[in-house]
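In what follows, a structure is listed as structure tokens, so that the remarks can point back to it.
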Amino acid sequence: MIRKLRIKIVAVIMGALILVFALILIMLNVFMQSDSNRFTDEQLQAVVTQDGLTFSPGNGDGGMRAGGAKDAAAAPAPNHDFSRIGSIFYVKLDADGTVLEVNAEMMFDFSSETAEEYALAVLDSGKSSGTIGEFRYLSAEKDYGTIVAFSQRSIEARLLSQLIQSSLWMAVIACVVFFFFSLFLSKWVVGPVKASFEKQRRFIADASHELKTPLTIIGANTDVLEGEIGGNDKLYQIRSQIGRMSSLIQALLSLARADEGAAQMVMSRFDLSKAVRNTTLEFESHAFEEGKTLSYDVQDALFYTGDEVQIRQLVTILIDNGIKHSDAHGQVQVALHQVGGHMLLSVYNTGVGIPEGEREQIFDRFYRSDISRSRETGGYGLGLSIARAIVSAHKGKITVESETGQWARFLVTL
């Protein structure tokens, strides 16, 4: 239980951290993309507004400024930093779509024919701005027809990609650091819980051992008294309650041992098929006396590595539970098969079943359903808690299926 609690704490911390980093990366990516698009659109707007680009040496911005060839000398260079974006080219077309001018001097290994194809594709799309391939474009109507400007955003894309990669690496390193920190934090957080749990387990074990002695003395005195005065109803009731108390003490001891988990397990490879079959056969006479049918379907030669004593106790608990809660002349069926790499044990019984809202609660300690609360069935609501503890110690899983008023089936995967 303590281990599971630590795992949950670490999972919550890491999950929250990963979520925060993911949100930061998404917001960073969206912001950078938006900022990049905005800046590129401003540059393209300058190009189409000034009707093109003029390339002249020594103007302080890499020899490039906005403005058409006709007014290059007269128009002052607008204040736009074209060095931040990728290569720019533009195409001028008349009203009929005929190419008037192609300026692709900034493009390397890029032909005028390719530039024309891009411009015609933009015209066919009917959109004035957007993205086509690796270019962002903007078109504007002019007296002579249309100008379409393109900006190759490879530099921005590369910088953005490098930023994302750097952020990812930083996030990974931070996650690793926080993972080890969360391990330490979880150990510190569950420390008081672990101490309290250990005290509770020790109290149950010590109290159970201490109760054994007075019960043994009471039982011995009852035998002596019965020998002197003979049997009667009072002595029978005393002996019955001694039996009930002994069963409760044994259940508490089993629960305490199960809480210790792997520390108390004696691991060995044993014949699981034989263990399940023999344990089932031990209940045949009991089921017959109760007027119920007990059957089994066990696959032969299934070997399993675990604590054989605990596994037999698990089977005993489930079969006993099935017999107790099956209806009059009901059926109890035990099955064991290998499914993939796991052993699947199932115990089915007809009867009142288990309401859906109680299918998790029945594994809680001392919990008994309203339907089975009567002491006629015996038990203290500890059997299934012990069963789950045994399954957890073997890193397995126990679940329950049921149709209320019809049947119930416990499934154990080992």
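The values are calculated or read from the model by the stated rules, or taken from the named source; none is laboratory data. These figures come from a predicted structure and were not determined experimentally. Heads up, the Cβs are rebuilt from the backbone with ideal geometry, glycines too, and the neighbour counts pull from every protein chain shown. Side chains included, ligands, DNA and RNA excluded: accessible areas come from the protein's heavy atoms. Shrake-Rupley method; radii C 1.70, N 1.55, O 1.52, S 1.80 Å.
Quick one: in the stretch 248-265, of everything that is open to solvent by less than 70 Å² (accessible area, probe 1.4 Å), in a helix (DSSP H, G or I) and not hydrophobic (A, V, I, L, M, F, W, C), which residue is modelled with the highest pLDDT?
SER254
Please go through the stretch 8-39 and pick out each residue that is free of Cβ contacts under 8 Å to residues at least 40 places away in the same chain and under 28 Å from PHE363 (Cα atoms). It would help to see each step written out before you state the result.
Going residue by residue through the stretch 8-39, those that are free of Cβ contacts under 8 Å to residues at least 40 places away in the same chain are 8, 11-12, 15-16, 19-20, 22-23, 26-27, 30-31, 34-35, 38.
Answer for the stretch 8-39, where residues must be free of Cβ contacts under 8 Å to residues at least 40 places away in the same chain and under 28 Å from PHE363 (Cα atoms): LYS8, ALA11, VAL12.
Any residue in the stretch 278-292 that's hydrophobic (A, V, I, L, M, F, W, C): show its pairings with residues that are part of a helix (DSSP H, G or I) and surrounded by 12 or more Cβ atoms within 10 Å (Cβ to Cβ) at Cβ separation under 7 Å, as long as the two are six or more apart or on different chains.
Final answer for the pair search is PHE283/ILE319; PHE283/ILE323; ALA287/ILE323.
Tally up the residues in the stretch 291-326 that are open to solvent by 60 Å² or more (accessible area, probe 1.4 Å) and of a type in the set (Val, Ile, Thr), please.
Qualifying residue count, the stretch 291-326: 3.
Among the residues that make up the stretch 14-35, is at least one of them open to solvent by 40 Å² or more (accessible area, probe 1.4 Å), farther than 26 Å from TRP169 by Cβ and of a type outside the set (Phe, Trp, Tyr)?
The answer is no, given that none of the residues of the stretch 14-35 is open to solvent by 40 Å² or more (accessible area, probe 1.4 Å), farther than 26 Å from TRP169 by Cβ and of a type outside the set (Phe, Trp, Tyr).
Filter the stretch 210-236 for residues that are closer than 24 Å to LEU253 by Cα and open to solvent by less than 70 Å² (accessible area, probe 1.4 Å) and give the result.
PRO214, LEU215, GLY219, ALA220, listed by residue number.
Would you pick out the residues in the stretch 1-13 that are of a type in the set (D, E, K, R) and surrounded by fewer than 16 Cβ atoms within 10 Å (Cβ to Cβ)?
Within the stretch 1-13, ARG3, LYS4, LYS8 meet the criteria.
Open to solvent by 50 Å² or more (accessible area, probe 1.4 Å), among the hydroxyl-bearing types (Ser, Thr, Tyr) and either at pLDDT below 85 or in contact with a helix residue (DSSP H, G or I) (Cβ under 8 Å, 6 or more places away or on another chain) (or both): is that true of SER56 in this structure?
On the way: open to solvent by 50 Å² or more (accessible area, probe 1.4 Å): no; among the hydroxyl-bearing types (Ser, Thr, Tyr): yes; either at pLDDT below 85 or in contact with a helix residue (DSSP H, G or I) (Cβ under 8 Å, 6 or more places away or on another chain) (or both): yes.
So SER56 does not fit the description; no.
Return yes or no: is ASP307 within 19 Å of SER385 (Cβ to Cβ) and at pLDDT 80 or above?
yes
Whether any residue in the stretch 341-349 is among the small types (Gly, Ala, Ser) and either within 15 Å of ALA387 (Cα to Cα) or surrounded by fewer than 18 Cβ atoms within 10 Å (Cβ to Cβ) (or both) is what I want to check.
Looking through the stretch 341-349, at least one residue is among the small types (Gly, Ala, Ser) and either within 15 Å of ALA387 (Cα to Cα) or surrounded by fewer than 18 Cβ atoms within 10 Å (Cβ to Cβ) (or both).
Test of understanding: among HIS329, HIS337, which residue is in a loop (DSSP other than H, G, I, E, B) and open to solvent by 40 Å² or more (accessible area, probe 1.4 Å)?
When all the criteria are applied, what remains is HIS329.
Only residues that are open to solvent by 40 Å² or more (accessible area, probe 1.4 Å) and under 20 Å from GLU290 (Cβ atoms): list them for the stretch 350-366, please.
VAL352
Can you find a residue in the stretch 390-408 that is open to solvent by less than 20 Å² (accessible area, probe 1.4 Å), part of a helix (DSSP H, G or I) and either at pLDDT 85 or above or in contact with a Ser or Thr (Cβ under 8 Å, 6 or more places away or on another chain) (or both)?
Within the stretch 390-408, one or more residues are open to solvent by less than 20 Å² (accessible area, probe 1.4 Å), part of a helix (DSSP H, G or I) and either at pLDDT 85 or above or in contact with a Ser or Thr (Cβ under 8 Å, 6 or more places away or on another chain) (or both).
Taking the stretch 310-326 as the region of interest, how many residues are assigned to a strand (DSSP E or B) and modelled with pLDDT of 90 or more?
0
Pick from the stretch 367-389 the residues that are open to solvent by 50 Å² or more (accessible area, probe 1.4 Å) and either of a type in the set (Ser, Thr, Tyr) or in a loop (DSSP other than H, G, I, E, B) (or both): which of them is modelled with the highest pLDDT?
Out of the qualifying residues, it is TYR367.
Is it fair to say ARG239 is open to solvent by 90 Å² or more (accessible area, probe 1.4 Å), modelled with pLDDT under 80 and over 30 Å from ALA328 (Cβ atoms)?
Here the answer is no, as ARG239 does not meet what is asked.
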